[in-house]
Amino acid sequence: MKQQRVVIVGAGVLGLFTAMELVSDPSVSVEVIDSGHPGVGSSGRSVGMIETQYVDAGDVEVRAFGRKAYSALIDEHALPFVHGGYLRLGHSHDDIAQFERSIAAQAAAGITDAEILLPAEIARRWPQLVTADVSAGLFGAWDGYVDGYEVTQLLARLVRESGGHVRSNSQLVDATRSGSWRLETTNGTFEADVVVNAAGPWAGHVADLLGAPVTLIPQLHGAVAIELPDEKPFTPFVMDYVPGAGSEGVYFRSERKDQLIAGLHTEEVLHHGVAPDVQLGSMDGETVERIALALTERLHDVDDMRIGRSWTGIYPMSSDHRPVVGRHADDPTVVCALGAGGNGIQLSPAIGRMAADAVLERPRSFSDAVQWGQQRFAADPQV
């Protein structure tokens, strides 16, 4: 039987989890091509949170799937994972109601370690946190973080060991189709029956080459190391933001007893887009100052903290803030696996499964609460 040739453009976590889903199927051959090498882009710059403390049922469902996928990598392949816990802070009665819905959705997904904590309990467990304006916290004890670069390196190795190919330094420069795809790269030519666009911040450019347009609004975000004047109690990953708030919120976690990693996060498009080839480096001073101010308002006794190194990466966001996954409405030989925003590490297992379902024309793996298909933009790809 002739194999279906699948080329995945992008060797970040989205492309590699898609490849992992496909390499076990003997009906396909898998090539992953990337302009750099696995993990060199934003995947390797992520703070790497894996958690399920979201409020909508669909958001919880896909993250519960991701938790199972990462548990398998931890158990079967010794992926390093820090189970530091994840605490999402709320500030209103509406937030408490959302947290209650989250607990019910997580229980339905088989997750039983999440709990709602009142301010007094938060202060008891982590006395370094300021809780005067907090209504409640949504806490997951299992949750934690990985190193995004380590994840990509492990996945690339597993793909190769399973018979797939991962080609570094192979930037896509042209694509033509006459029956099948002919993909010209800086490192040779590849033939494909199906092309998966998993190119992260470059997915909009790749989409144009493929004639299967998508609109992304890449957002520049970053993180900074905060050096504390002395050792402090361990802090879980604290997210002072509830999805849908219409703003950014500070997040932070302990890296060491005398160091925090901190940044600003949002699920929404709040800034002008940046070019995918924007230089990634240190954060700008104004943003670092905003983070530092937010930390002084959320933590006791950090007035003497010092700013350490910082770095930036890109949130490749769609206009409605949800991933874009599945066959493209204009050309079903193109499958999208893109637009994960700042959640690429934790959503990549679900995106990979959904993209593989589309390639193999399998029944969907997720409920109707998860609507990520590109067809929602078919009437107007600029929406």
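Read-outs throughout are calculated quantities, based only on the coordinates presented, and are distinct from any laboratory measurement. Values in this document were obtained by computation on a predicted structure and should not be read as measured data. Methodologically, a virtual Cβ is constructed for each residue, glycine included, from the backbone with ideal geometry; neighbour enumeration extends over all protein chains shown.
List of remarks:
- Between the amide H of Gln4 and those of Val28, Ser29, distances stay under 5 Å, these residues lying 5 or more places away or on another chain, with hydrogens modeled in the peptide plane.
- Relative contact order [Cα under 8 Å, 6+ residues apart], segment 251-374, whole percent: 20 percent
- Mean Kyte hydropathy of -0.5 or more with a Cα span along the axis of at least 18 Å, helices from DSSP in the chain: 57-77, 93-108, 148-161, 285-298, 344-360
- Taking Cβ atoms as reference points and 14 Å as the exclusive limit, the residues near Arg362 contribute a net charge of -1, counting Lys and Arg as +1 and Asp and Glu as -1.
- Note on the chain: with charges restricted to the Cβ of Lys and Arg (+1) and Asp and Glu (-1), its dipole about the Cα centre is near 880 debye.
- Comparing Cα centroids, segment 13-81 and segment 275-350 end up 17 angstrom apart.
- Of the Cα atoms belonging to segment 130-173, the radius of gyration and Dmax stand at 19.7, 55 Å.
- Ordering Thr287, Leu220, Ala329 by the projection of their Cα atoms onto the charge dipole of segment 205-342, which places +1 on the Cβ of Lys and Arg and -1 on the Cβ of Asp and Glu, puts Ala329 at the extreme positive end.
- Each Cα pair under 8 Å and six or more residues apart adds its separation to the average, and for segment 1-56 the resulting relative contact order is 38 percent.
- Here, the chain is characterised by an Rg to Rh ratio of 0.97, where Rg is the alpha-carbon radius of gyration and Rh the Kirkwood radius.
- All alpha carbon pair distances within segment 1-140 were sorted into 5 Å bins beginning at 0; the resulting P(r) in whole percents reads 2, 9, 14, 15, 15, 14, 11, 8, 6, 3, 2, 1, 0, 0.
- With at most 16 neighbouring Cβ atoms within 10 Å, loop trypsin sites (Lys or Arg not before Pro) (DSSP) excluded, longest segment of the chain: 3-256
- Each label point was placed 7 Å from the Cα along the Cα-to-Cβ direction; for Arg124 and Gln153 their separation is 4.2 nm.
- Sequence-separation-based contact order of the chain, relative, with Cα cut under 8 Å and 6+ spacing, percent: 22 percent
- Segment 312-376 - Rg and Dmax from Cα coordinates, angstrom: 11.5, 38
- Computed [θ] at 222 nm, deg cm²/dmol, the chain (DSSP H ≥ 4; -39,500 (n - 2.57); rounded to nearest 500): -9000 deg cm²/dmol
- Of interest is the spacing of the C-alpha centroids, which for segment 179-250 and segment 129-166 amounts to 15 Å.
- Dipole of the chain [Lys/Arg +1, Asp/Glu -1 at C-beta], most positive-end residue of Phe366, His93, Gln3: Gln3
- Column: log10 I(q)/I(0), Debye, Cα scatterers of segment 271-383, q = 0.22, 0.23 Å⁻¹: -1.22, -1.29
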